[in-house]
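Colleague: A single structure is presented below for examination.
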Amino acid sequence: MTLNKVDIEKLKSDGFIKERGKDLFTVRMRVPGGRLSVDRLMRIAEVAQKYGKGHVHLSVRQSIELVNINHADFDKVVAELGEEQQKVASVGARVRVPTACGGCEYNPNGLVDTQKAALEVDEKLFGTETTHHKFKVCFAGCPIDCPKSALNDVGFQGALSPALTPDECVGCGVCAKACREGAISMDGGCVVYCPSKCVNCGDCVKSCPTGAWKVAKRGYSVRIGGKWGRHPLIGTLYATFLPEEQVIGFIKEVLDWYIEKAEGLGRIRLGDIIVREGAESLLAHLSGKFPEYTLGTTIAPQTVATQYADTTTP
């Protein structure tokens, strides 16, 4: 069987990626949030051993890829993986499988349930066509941001805003020692809080022995317009303390704006559209839907000149 160009493009959109070898493909698995059950992992290993090269590849977006799969074995591979339990991922101009850290389930730094969010996005938005380019979503549970949320089209980062109850504070200074940003200091046994230095990590709340530090707000900081590749962009902040239950609606609004503004421009990423249109355009669109959480002003995604050396400096 010889595959023509139409076949290749259709296969690619379904997660079967052509390799260099004749009739050989990489099969990209769908692993939302980077989490797999042991049973599923064992099944993937069995299929990879039987039909592949004897090893798998872990992609940078938490997917497992089966390497050197012959197109003649596609039906068998899909059947033995168990299509309902282990669906093949997608490639192309559509919403990709979301990535996420462990969140608050077991990580002591976690502030939000990133795994739940990733599964919800995967269930409700995975494969949604953008008509323009890939669309990547990421969830980080805290400001340490291990998944690098700012490098995604839409990146969510867990955030917590603290508030001190002075009557419950004993002036022990534990919070000041826990704060690595210098946002909390002690003055004569009294706590001094500097909000402008706070990164919303919540360490003061977690460390306070009397519970004087409490959660004022909790949710996601949202950065939009990031991408890597030949011409990287760092996504910038558009919303703060977005409630976890509004993640799906927020992504949909960004998608709607992107699809509309990129009409007729061909293969172009969201960040490039923001640079072209101006950050204010997307900000105005989002503020009409999420006025409580959208910032009053922001900047366009920031260029990272990775391909050019500065030859002006000796």
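Readers should treat all values here as calculations from the given coordinates under stated rules, not as data from a laboratory. The structure displayed is predicted, hence computed values, not measured ones. Quick reminder, even Gly has a Cβ in these numbers, built from the backbone with ideal geometry, and neighbours come from all protein chains shown.
Colleague: Rg and Dmax of the range 161-217 over Cα atoms: what are they, in angstrom?
Modeller: My reading of the Cα-based Rg and Dmax gives 9.8, 28 Å.
Colleague: Take the chain, connect every pair of alpha-carbon atoms lying under 10 Å apart with a spring to form a Gaussian network, then pick out the residue of ASP167, ASP73, ASP113 with the largest mean-square fluctuation.
Modeller: Evaluated over the chain, the most mobile residue of the options is ASP167.
Colleague: In what sequence do THR306, THR298 fall when counting other Cβ within 10 Å, fewest first?
Modeller: THR306, THR298
Colleague: Another question, then. Can you tell me what share of the DSSP beta bridges in the chain is antiparallel? A percent to the nearest 5 is fine.
Modeller: 85 percent
Colleague: Next question, about the same structure. With respect to the cross-link table entries LYS124/LYS217; LYS22/LYS148; LYS217/LYS252; LYS22/LYS124; LYS148/LYS214; LYS22/LYS136, which display a Cα-Cα separation exceeding 32 Å?
Modeller: Distance filter (> 32 Å) returns LYS22/LYS148; LYS22/LYS124.
Colleague: May I pose another question? What aspartates and glutamates could a cross-link reach from LYS116, if we take a straight Cα to Cα line under 15 Å and drop same-chain neighbours fewer than 8 places away?
Modeller: GLU105, GLU244, GLU245
Colleague: Something else now. Output the Cα-based Rg and Dmax of the range 72-167 in Å, rounding Rg to one decimal and Dmax to a whole number.
Modeller: In Å, with Rg to one decimal and Dmax whole: 17.2, 72.
Colleague: Let me ask something else about it. Please check: in the Gaussian network model of the chain (C-alpha springs, under 10 Å), which one of ALA150, ALA79, ALA93 has the largest mean-square fluctuation.
Modeller: ALA79
Colleague: Please report, to one decimal in angstroms, the Kirkwood hydrodynamic radius of the chain built from all distinct Cα-Cα pairs.
Modeller: 21.7 Å
Colleague: Let me ask something else about it. Return the Cα extents of the range 193-269 along principal axes one, two and three, sorted largest first, each rounded to a whole Å.
Modeller: 58, 28, 18
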